[in-house]
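Every read-out reported here was derived from the displayed coordinates using simple, explicitly stated rules and does not represent laboratory data. Note that the structure is a prediction, hence the values are computed from the model and not measured. Here the Cβ is made from the backbone with ideal geometry for all residues, glycine too, and neighbour counts use every protein chain on show.
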Amino acid sequence: MNLICYGTDCKDSCKIIKQQMLVISLNKPNSTHDGLRSISIIKKNNAKENKSNNIKVNNHMVTNDWQASLKVQGANFINNIIVDFGNASEELANVSKQNTLCDLSHLALLAVEGEDAVSFLQGQVTNDVKLLEGSNAHLTAHCNPKGRVLALFLAFSLNGTINLQFNKILLAPILKRLKMYVMRSKVDINDLSESILKFGINGADAEQILSPLFSSLPTKNYALVSLDNVAIIKLPSINGHTRFEILSDAETAPALWNAIKEKCQLVGKPCWDWLDIQSGIPDVTQNTQEKFVPQMLNLDLINGINFKKGCYTGQEIIARTHYLGSVKRRTYLASIASNTSPETGDKLLDNKQNDIGQIVRVAANANNGFDVLAEMRIEAKNSGDIFWQTSALSFQSLPYSLEVES
């Protein structure tokens, strides 16, 4: 296999990609680690290697206790995901008007650490891991050799450990795939999904609500502030609102949640999804894995690809698409008036019933319909109406331009 490098810093990354060609014939036993020791927001005085299943059990105890406390507060769960706190339609109506608080247990969190962690991830993701300095986060994609996206991460560094947050439904296959590629690299990958609690606040007063609780807050989108047992990331939101994600341990999180909820309406996952959609942030699910190159999801427009870094899996296709200016498909924000929810991966049709795209992300809106991120051919979008089943898409403006800056 020939490797074509379009980057400027690829010595270690190319080495890892070449090793990946031998992955089928190489096997390395999995190590067991205390998942709490690798993220700086966790107290480290009890960090020890554990070769039994006690850590997993304890992690589930954390999750079960947390979910039990949320049920007492009115949370309704479906498949361990909070769908609402008793009134889904009211929550959707208020997410754009009030301060809201949302549990984010539907997101997985992996911690990647070790002497070779940075060079390992440089060969696995589209963005430059070396730019994660402990004060910022960024989006980045993990792709197959054909440049098709397998998962979309929110990546950030804490105390020298790279953390990857993504759709929890993909946790098992992505964790297995990443560990398969570790091989002889000095890298440990720990699943912190159950031991780190995550929740988000959004609203016009979000900053004022958090300010009394923390000595410092991030002020720019994707900026990160790390404090004792807490990390805070500022995320894009709708006009007039600010949005933050808070990550903390099981001892600290409940008190923070209780303090914040006094000034917020509790909402379920659909409201957080709606905010992501309105912010133009895509996602990948089981239905859409390996369906898109990153540019189709606008990742080059939202700082999800670095074209100056070294080689990584799928980079040849992604770089060629960029340098040849051949992006023919993009993701758009739209609404669908329907009583039935679209599903990710559903086909989109033009007025001649030609298949021209698919649903990337969907969430119910306050108008008894659904807002979506929809990927499609640019030419088709500009040529006429686009339909999901028999419902026409009503397009809205994304919060960023679809024109690539030179």
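Below, the figures for the structure above:
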read-out	value
Table column - 3J(HN,Hα) (Hz), the stretch 119-127, Karplus curve with 6.51, -1.76, 1.60, x for Gly and Pro	5, 4, 5, 4, x, 10, 10, 7, 9
The stretch 230-277 versus the stretch 203-227: alpha-carbon centroid distance in Å	11
Candidate aspartates and glutamates - alpha carbon under 14 Å from Lys308, same-chain residues fewer than 8 apart omitted	Asp9, Asp128, Asp300, Glu316
Ascending count of other beta-carbon atoms within 10 Å, so fewest first, for Arg361, Arg177	Arg177, Arg361
Cβ-based net charge around Asn144, under 15 Å, with every Lys or Arg adding one and every Asp or Glu removing one	+3
Label-to-label distance, nm, for residues given as Asn382 and Lys130 (7 Å Cα→Cβ offset)	3.7
Convex hull of the stretch 360-406 built on C-alpha atoms - directionally averaged projected area, nm²	4.4
Rounded FRET efficiency, nearest 0.05, which uses the C-beta distance separating Arg177 from Asn354 and R0 of 22 Å	0.05
Placed amide H near Gln124: partners under 5 Å, 5+ positions off or other chain	Thr313
Amide hydrogen neighbours beyond the local backbone of Arg361, cut-off 5 Å, H modeled	Leu373
Cα centroid separation - the stretch 91-108 against the stretch 280-300, whole Å	23
Per-residue Cβ neighbour rank within 10 angstrom, fewest leading, Thr140, Thr252	Thr252, Thr140
Above-threshold pairs, the threshold being 23 Å between Cα atoms, out of Lys130/Lys291; Lys130/Lys220; Lys234/Lys261; Lys71/Lys269; Lys71/Lys176	Lys130/Lys291; Lys71/Lys176
Long-range HN-HN contacts of Asp385 with modeled amide H, under 5 Å	Asn351
q = 0.18, 0.21 Å⁻¹: log10 I(q)/I(0) that the Debye formula gives for the stretch 328-406, counting C-alpha atoms only	-0.67, -0.90
